[in-house]
Amino acid sequence: MSLKEAVSRFIKNGDNIGIGGFVHVRQPVATCHEMVRQGFKDLTLSFQSAAMAPEILAAAMMIRPDHCTIKRIELAYWGHESFGLSPAWRYLGERGMIEFEDWSNYNMSARFKAGAMGLPFIPTRGPLGGDIPNTSRTRVMDCPFTGRPIALLPASNPNVALIHVQAADMYGNCIIRGTDGTCAEIAMASAHTIVTCEQLLDHEIITSNPKDIAIPFPAVDAVVQVPFGAYPGACRRHYYYNGDEILKFLGLISPMVKGGSADALKTWYDEHIFGVETFGEYIETFQTRKLIADQAAEAVHCQRLA
């Protein structure tokens with residue numbers, strides 16, 4: 001189905017949205033663009049480590065709180081690696097506009113794992129070495145078998161998972177190359193899953209090597225082919241991230257943290273999200289030679305890792 005139809009059918013106000021990918025790798029950017037276009041309120045965002053996907057949603061809340069709002073975030077890390085932590089998170093957090101629950105990367109992965117297994121919680125020692133039990137819903141008990149302290153983490157069960165993958169078939173069988181970013185667990189833990197993919201391949205090709213399937217079709221509700229669907233982030237084997245575009249976008253948000261004008265950020269949304277019908281039209285705003293260069297950079301990167 002189309003991305004417009006998928007978002008309209010499966011996402012509702014007040015939903016808990018599970019975001020796949022890892023920082024700037026395979027972020028479901030295209031789906032978040034469509035969510036902003038349609039507008040949703042009182043969302044909870046749940047993710048392990050993310051960058052542009054929640055940034056797009058949060059910055060929309062900064063300029064259009066009548067149209068898009070986030071009430072809660074459950075996360076391990078929200079930032080842009082060498083480009084710094086999320087300015088949108090800082091803006092919303094310092095003004096008390098959202099509530100958030102802080103976990104570690106392993107904790108969030110474990111929570112999604114519990115959700116995928118159909119368990120209400122999962123035991124782990126992960127939070128016991130720091131302050132996370134003091135600022136989260138972690139429960140600590142004595143293990144009935146060893147007598148040692150053990151932490152119990154609540155399962156994460158989003159209403160809708162947003163996942164971007166390299167390839168999928170029409171039924172929702174997905175292939176992920178490179179880091180999997182807990183995407184399989186997020187999809188299996190969620191009530192619904194929207195998958196965007198770089199390539200929509202024949203079922204026979206996808207299933208020719210069953211071990212390659214990271215997310216099986218029963219976990220997926222919608223499949224949409226969206227080339228460059230994680231851009232300006234990266235997608236392994238397809239394109240490298242566009243650091244200039246990421247810095248440009250963050251530069252529109254950062255002045256607002258210090259009380260600056262929102263005009264430039266509003267203009268960006270009017271031109272690139274509200275002013276277009278599809279994510280493909282947004283991608284067309286980039287020079288072809290830049291897209292080709294990012295594809296070539298990823299090819300070189302893959303050769304070095306081979």
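The values are calculated or read from the model by the stated rules, or taken from the named source; none is laboratory data. On a predicted model such as this, the values are computed, not experimentally measured, just so you know. For neighbour counting, all protein chains shown are included, and Cβ atoms are generated from backbone atoms with ideal geometry for every residue, glycine included. Protein only, heavy atoms only, side chains kept; ligands, DNA and RNA dropped before computing areas. Shrake-Rupley method; radii C 1.70, N 1.55, O 1.52, S 1.80 Å.
Tell me which residues, restricted to the stretch 204-250, are touching a Lys or Arg at 6+ places or on another chain (Cβ under 8 Å), more than 21 Å from K4 (Cβ to Cβ) and open to solvent by less than 30 Å² (accessible area, probe 1.4 Å). G233, A234, C235, N242, listed by residue number.
Out of curiosity, is G96 touching a strand residue (DSSP E or B) at 6+ places or on another chain (Cβ under 6 Å) and not basic (K, R)? For G96, the condition - touching a strand residue (DSSP E or B) at 6+ places or on another chain (Cβ under 6 Å) and not basic (K, R) - is not met. A191 passes every criterion in (1) over 22 Å from R111 (Cα atoms); (2) out of contact with any helix residue (DSSP H, G or I) (no Cβ under 7 Å at 6 or more places or on another chain) apart from (1).
So which of E74, E99 ends up being among the acidic types (D, E) and farther than 13 Å from S156 by Cα? When all the criteria are applied, what remains is E99.
Checked against the criteria, V195 does not count as more than 26 Å from I17 (Cβ to Cβ) and assigned to a strand (DSSP E or B).
Please tell me if E277 is over 22 Å from H80 (Cα atoms), part of a loop (DSSP other than H, G, I, E, B) and either open to solvent by 60 Å² or more (accessible area, probe 1.4 Å) or in contact (Cβ under 8 Å) with a residue 12 or more places away in the chain (or both). Working first, answer last.
Details: over 22 Å from H80 (Cα atoms): yes; part of a loop (DSSP other than H, G, I, E, B): yes; either open to solvent by 60 Å² or more (accessible area, probe 1.4 Å) or in contact (Cβ under 8 Å) with a residue 12 or more places away in the chain (or both): yes.
Considered against the rule, which asks whether it is over 22 Å from H80 (Cα atoms), part of a loop (DSSP other than H, G, I, E, B) and either open to solvent by 60 Å² or more (accessible area, probe 1.4 Å) or in contact (Cβ under 8 Å) with a residue 12 or more places away in the chain (or both), E277 comes out as yes.
Please determine whether any residue of the stretch 148-157 is loosely packed, with under 13 Cβ neighbours inside 10 Å, modelled with pLDDT of 95 or more and not polar (S, T, N, Q). Taking every residue of the stretch 148-157 in turn, at least one turns out to be loosely packed, with under 13 Cβ neighbours inside 10 Å, modelled with pLDDT of 95 or more and not polar (S, T, N, Q). Of all residue pairs spaced 6 or more apart or on separate chains, those with beta-carbon atoms under 7 Å, a first member in the stretch 1-14 that is over 19 Å from A219 (Cα atoms) and open to solvent by 20 Å² or more (accessible area, probe 1.4 Å) and a second member that is at pLDDT 95 or above and not small (G, A, S) are K4/E34; N13/F40; N13/K41; N13/D42; G14/D42. A count restricted to the stretch 158-172 and to residues that are in a loop (DSSP other than H, G, I, E, B) and open to solvent by less than 10 Å² (accessible area, probe 1.4 Å) stands at 3. Each residue in the stretch 33-55 was checked for being in contact (Cβ under 8 Å) with a residue 40 or more places away in the chain and buried (at least 24 other Cβ atoms within 10 Å of the Cβ), and 9 pass. Restricting attention to the stretch 176-205, the residues that are among the hydrophobic types (A, V, I, L, M, F, W, C) and over 18 Å from A30 (Cβ atoms) total 6. I'm trying to understand the selection: among the residues of the stretch 118-132, which are in a helix (DSSP H, G or I) and of a type outside the set (V, I, T)? Within the stretch 118-132, G126, P127, L128, G129 qualify. Has the stretch 91-111 got any residue that is more than 23 Å from L162 (Cα to Cα), touching a helix residue (DSSP H, G or I) at 6+ places or on another chain (Cβ under 7 Å) and either assigned to a strand (DSSP E or B) or open to solvent by 10 Å² or more (accessible area, probe 1.4 Å) (or both)? Checked against the condition, which is being more than 23 Å from L162 (Cα to Cα), touching a helix residue (DSSP H, G or I) at 6+ places or on another chain (Cβ under 7 Å) and either assigned to a strand (DSSP E or B) or open to solvent by 10 Å² or more (accessible area, probe 1.4 Å) (or both), the stretch 91-111 yields at least one hit.
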